[in-house]
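J.: Submitted below is the structure of interest, expressed as structure tokens.
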Amino acid sequence: MARLLILGAGIAGHTAALHARRKLGEDHEVVVVSPNSRWNWIPSNIWVGVGVMTPEQVTFPLAPVYEKTGVIFRQAKAVSLHPEGGEGVARPYVMVESTEPGKAGVRERVEYDYLINATGPRLHFDATDGLGPEKNSLSVCTAGHAAQAAAGLDEAVARMQRGERQTLLIGTGHGTCTCQGAAFEYLFNVEFELRRRGVRDKARLVWISNEHELGDFGMGGMFIRRGGYITHSRVFTESLYTERGVEWITQAAVKKVDRGEIHYETLDGRQESIASDFTMLLPPFSGVGLKAFDREGSEITESVFAPSNFMYVDADYTKKPYEEWRPTDWPETYRSPRYDNIYAVGIAFAPPHPISRPMFSPSGTPIYPTPPRTGMPSGVMAREVAFNIVDKMEGREGKTRTASMAKMGAACIASAGASLMRGTAVSMTVYPIIPDFQKYPDTGRDIHYTSGEIGLAGHWIKHLLHFAFMYKAKARPLWTAIPE
Amino acid sequence: MSTVRKPFEQSYYPPVPTPMTKALRTNWVWQFLRFLVINVRMLRMVRMH
Ligand SMILES: Cc1cc2nc3c(=O)[nH]c(=O)nc-3n(C[C@H](O)[C@H](O)[C@H](O)COP(=O)(O)OP(=O)(O)OC[C@H]3O[C@@H](n4cnc5c(N)ncnc54)[C@H](O)[C@@H]3O)c2cc1C
């Protein structure tokens with residue numbers, strides 16, 4: 001009997017767990033360790049944040065799903081990895097700390113033969129003074145944060161209904177944030193909601209981000225064919241902001257969030273501030289901060305995890321300038337270079353470098369997006385890694401499956417207003433996710449597969465995907481027919 | 001609100017949609033066709049892996 005231990009039950013970890021369990025024989029174990037008792041379809045948090053969905057509609061309890069599928073679930077958070085065993089234990093193990101009511105804080109060793117780290121991001125609000133829902137700004141990163149943002153929005157709308165003018169500032173809360181797409185969705189859902197509630201004329205909507213230009217999305221922007229032209233995403237994004245009357249501040253690193261006033265530094269070195277009555281700023285992401293120890297108990301965290309706390313995998317981490325970045329720098333198997341039974345998928349793996357060009361202000365402040373790892377690639381890499389591990393556990397000598405973001409396309413639907421009859425969303429496909437300027441010298445990506453358009457159809461798809469992915473994550477009949 | 005009639009402002013340069021383009025974005029018949037097209041495009045992405 002062998003045991004696969006998966007840390008994290010988000011999009012990546014849960015996908016890996018369900019696929020591994022369905023492929024593995026009964027004599028093997030799949031164990032999931034995750035601190036939350038509920039699974040969250042994070043993309044729909046945007047709709048919780050404007051009050052059109054509740055946290056209950058975007059989450060469900062994990063335990064019954066794992067019970068049904070035969071996955072062993074521990075409601076706990078991983079604290080440290082011991083890949084060589086230690087303290088009298090010969091097998092590798094992970095030290096976990098329970099988060100279950102009544103058992104909170106109790107530590108336990110969970111041994112493993114294979115380990116997948118799918119712990120996603122730490123929401124690093126502390127990186128910016130005053131940032132976050134416990135301080136002076138709102139967030140939509142978790143269903144709970146989003147519900148809080150919805151309450152804040154209701155208050156702002158009430159003030160507008162009383163005739164007050166309000167400034168709503170939405171975007172990224174640090175110079176190295178990623179996930180601009182999520183903030184973009186929230187911005188346009190708020191804009192749509194203000195129109196629906198009849199107060200749009202009382203609102204000044206302002207976008208602030210660390211992107212060099214609108215439409216970067218941490219992907220270095222993209223080129224698409226439209227109306228007889230090959231056009232950069234900047235043009236379409238600026239068009240949408242203009243059409244909806246949204247002002248924008250780009251090339252900005254938010255430095256401090258006071259109640260009602262946000263201070264930021266720009267790429268050209270200016271120190272600016274803007275007053276805001278409603279502020280939703282995403283935090284930067286880092287790894288969750290797992291430590292690693294060898295058999296003797298000496299700390300080896302630095303050789304397993306990057307300084308960002310994301311885990312090293314089979315990427316090329318050599319420091320090199322933007323011009324020398326290659327698609328082959330990106331990982332294919334997501335295996336730790338130091339331990340061949342440890343993998344990291346989804347947001348938990350350390351990317352070799354950003355996708356957007358790194359930029360620094362005169363004082364050295366980094367102001368550029370770090371690379372996004374969205375739902376679809378996170379799910380695909382988790383599935384492929386799970387299949388590779390299953391082969392090893394069952395003693396099959398198969399060809400190793402790969403899932404490089406440089407050879408993978410992604411589809412993404414960014415909501416711009418939630419209504420079945422009047423809503424819109426931007427539907428985007430990109431191939432490959434990591435641009436390849438050797439293969440596609442002008443655009444970095446295949447123009448035949450890279451597309452973007454806005455319309456009601458996108459909203460219908462986004463709405464259907466909400467139900468499809470909740471259904472799939474519950475492992476209901478034929479769930480495998482729904483792609484990652 | 002920014003419009004193309006105000007040159008030299010930040011928002012002067014981007015293209016803005018015509019009323020026809022805007023209407024098509026929420027026209028159910030047209031959007032049903034786009035729904036099919038976008039689904040095909042997305043499935044092509046899925047099949048690539
Ligand atoms: C508001 C928002 C909207 C988004 N919208 C989209 C979208 O429309 N489309 C899209 O493709 N992507 C979207 N994304 C990105 C998408 O959510 C991520 O790509 C995806 O969640 C990454 O999956 P993951 O499993 O790596 O991380 P997560 O889904 O964050 O999962 C991490 C898991 O690890 C657990 N964990 C944390 N710490 C520990 C620990 N110490 N031990 C064990 N477990 C731990 C967490 O509880 C969680 O279960 C959005 C993101 C946000 C924030």
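The values are calculated or read from the model by the stated rules, or taken from the named source; none is laboratory data. As the structure is a computational prediction, the values presented were derived from the model and not from experiment. Glycine gets a Cβ as well: all are built from the backbone with ideal geometry, and neighbour counts include every protein chain shown. Surface areas here come from the heavy atoms of the whole protein model, side chains and all, with no ligands, DNA or RNA. Shrake-Rupley method; radii C 1.70, N 1.55, O 1.52, S 1.80 Å.
J.: Could you please find all residues in segment A:277-298 being closer than 19 Å to residue A:97 by Cα and over 18 Å from the mean Cα position of the chain (by Cα)?
T.: Residues of segment A:277-298 that are closer than 19 Å to residue A:97 by Cα, as a first pass: A:287-293, A:297.
Residues satisfying the conditions are A:290, A:291, A:292, A:293, A:297.
J.: Which of the residues belonging to segment A:161-180 are surrounded by fewer than 21 Cβ atoms within 10 Å (Cβ to Cβ) and part of a helix (DSSP H, G or I)? Give the steps one after another, and end with the answer.
T.: Step one: of segment A:161-180, the residues surrounded by fewer than 21 Cβ atoms within 10 Å (Cβ to Cβ) are A:161-167.
Answer for segment A:161-180, where residues must be surrounded by fewer than 21 Cβ atoms within 10 Å (Cβ to Cβ) and part of a helix (DSSP H, G or I): just A:161.
J.: Still on this structure: Looking at residue A:78 and the list (1) modelled with pLDDT of 95 or more; (2) surrounded by fewer than 19 Cβ atoms within 10 Å (Cβ to Cβ), which single condition is not satisfied?
T.: Residue A:78 satisfies all of (1) modelled with pLDDT of 95 or more; (2) surrounded by fewer than 19 Cβ atoms within 10 Å (Cβ to Cβ) except (2).
J.: Run residue A:213 past the list (1) open to solvent by less than 50 Å² (accessible area, probe 1.4 Å); (2) within 12 Å of chain B (Cβ to nearest Cβ); (3) of a type outside the set (Lys, Arg); (4) outside any loop (DSSP other than H, G, I, E, B) and report the number of the one that doesn't hold.
T.: It is condition (4) that residue A:213 fails.
J.: Can I ask one more? Which count do you get for residues in segment A:184-203 that are closer than 21 Å to residue A:151 by Cβ and surrounded by fewer than 19 Cβ atoms within 10 Å (Cβ to Cβ)? Break it down into steps so the answer makes sense when it comes.
T.: Applying the first criterion (closer than 21 Å to residue A:151 by Cβ) to segment A:184-203 yields A:185-200, A:202-203.
From what's left, surrounded by fewer than 19 Cβ atoms within 10 Å (Cβ to Cβ): A:195-198, A:200, A:202.
Count: 6.
J.: Report whether or not residue A:156 is more than 15 Å from the ligand (Cβ to nearest atom), crowded, with 18+ Cβ neighbours inside 10 Å and modelled with pLDDT of 95 or more.
T.: yes
J.: Follow-up. Can you tell me which residue in segment A:446-484 is farthest from the ligand (Cβ to nearest atom), limited to those that are surrounded by fewer than 19 Cβ atoms within 10 Å (Cβ to Cβ) and among the β-branched types (Val, Ile, Thr)?
T.: Only one residue tops the list, namely A:447.
J.: Moving to a separate point now. Keeping to segment A:189-231, report how many residues are of a type in the set (Phe, Trp, Tyr) and within 17 Å of residue A:253 (Cα to Cα). Let's see the steps before the verdict.
T.: Residues of segment A:189-231 of a type in the set (Phe, Trp, Tyr): A:192, A:207, A:217, A:223, A:229.
Next cut, within 17 Å of residue A:253 (Cα to Cα) only: A:207, A:217.
Number of matching residues: 2.
J.: Let me ask something additional. Quick check: is even one residue across segment A:403-410 out of contact with any helix residue (DSSP H, G or I) (no Cβ under 8 Å at 6 or more places or on another chain) and within 11 Å of chain B (Cβ to nearest Cβ)?
T.: No, segment A:403-410 contains no residue that is out of contact with any helix residue (DSSP H, G or I) (no Cβ under 8 Å at 6 or more places or on another chain) and within 11 Å of chain B (Cβ to nearest Cβ).
J.: Being within 11 Å of the ligand (Cβ to nearest atom) and not basic (Lys, Arg) is the filter here, so list the residues in segment A:24-39 that pass it.
T.: A:32, A:33, A:34, A:35, A:36, A:37, A:39, listed by residue number.
J.: Starting from segment A:24-47, keep only residues that are touching a residue at least 60 places away in the same chain (Cβ under 8 Å) and within 12 Å of residue A:6 (Cβ to Cβ), then list their pairs with residues that are of a type in the set (A, V, I, L, M) and open to solvent by 40 Å² or more (accessible area, probe 1.4 Å) whose Cβ atoms are within a distance under 9 Å, requiring at least 6 positions of separation or different chains.
T.: Correct list of pairs: A:31/A:72.
J.: Out of all the residues in segment A:422-430, is one or more over 18 Å from the mean Cα position of the chain (by Cα), in a loop (DSSP other than H, G, I, E, B), more than 24 Å from residue A:45 (Cα to Cα) and within 14 Å of chain B (Cβ to nearest Cβ)?
T.: no
J.: Can you pull out the residues in segment A:254-294 that are part of a strand (DSSP E or B) and surrounded by 24 or more Cβ atoms within 10 Å (Cβ to Cβ)?
T.: We begin by selecting, within segment A:254-294, every residue part of a strand (DSSP E or B); these are A:254-258, A:261-266, A:271-275, A:278-282, A:285-286, A:291-293.
Matches in segment A:254-294: A:254, A:257, A:262, A:264, A:279, A:280, A:281, A:282, A:285.
J.: Is it the case that residue A:372 is open to solvent by less than 20 Å² (accessible area, probe 1.4 Å) and either modelled with pLDDT of 95 or more or on the phi < 0 side of the Ramachandran plot (or both)?
T.: yes
J.: Related question: Tally the residues that are at the interface with chain B (Cβ under 10 Å from one of its Cβ atoms), among the hydrophobic types (A, V, I, L, M, F, W, C) and touching a residue at least 24 places away in the same chain (Cβ under 8 Å), restricting the search to segment A:216-248.
T.: 4
J.: Given the criterion open to solvent by 60 Å² or more (accessible area, probe 1.4 Å) and either at the interface with chain A (Cβ under 7 Å from one of its Cβ atoms) or modelled with pLDDT of 85 or more (or both), identify the matching residue among B:22, B:6.
T.: B:22
J.: Which condition number in (1) within 10 Å of the ligand (Cβ to nearest atom); (2) crowded, with 19+ Cβ neighbours inside 10 Å; (3) among the basic types (Lys, Arg) is the one that residue A:21 fails?
T.: (1)
J.: Oh, and also: Against the condition away from every other protein chain (no Cβ under 14 Å), away from the ligand (no atom under 16 Å from the Cβ) and more than 16 Å from the chain's Cα centre (by Cα), how does residue A:366 come out, does it pass?
T.: yes
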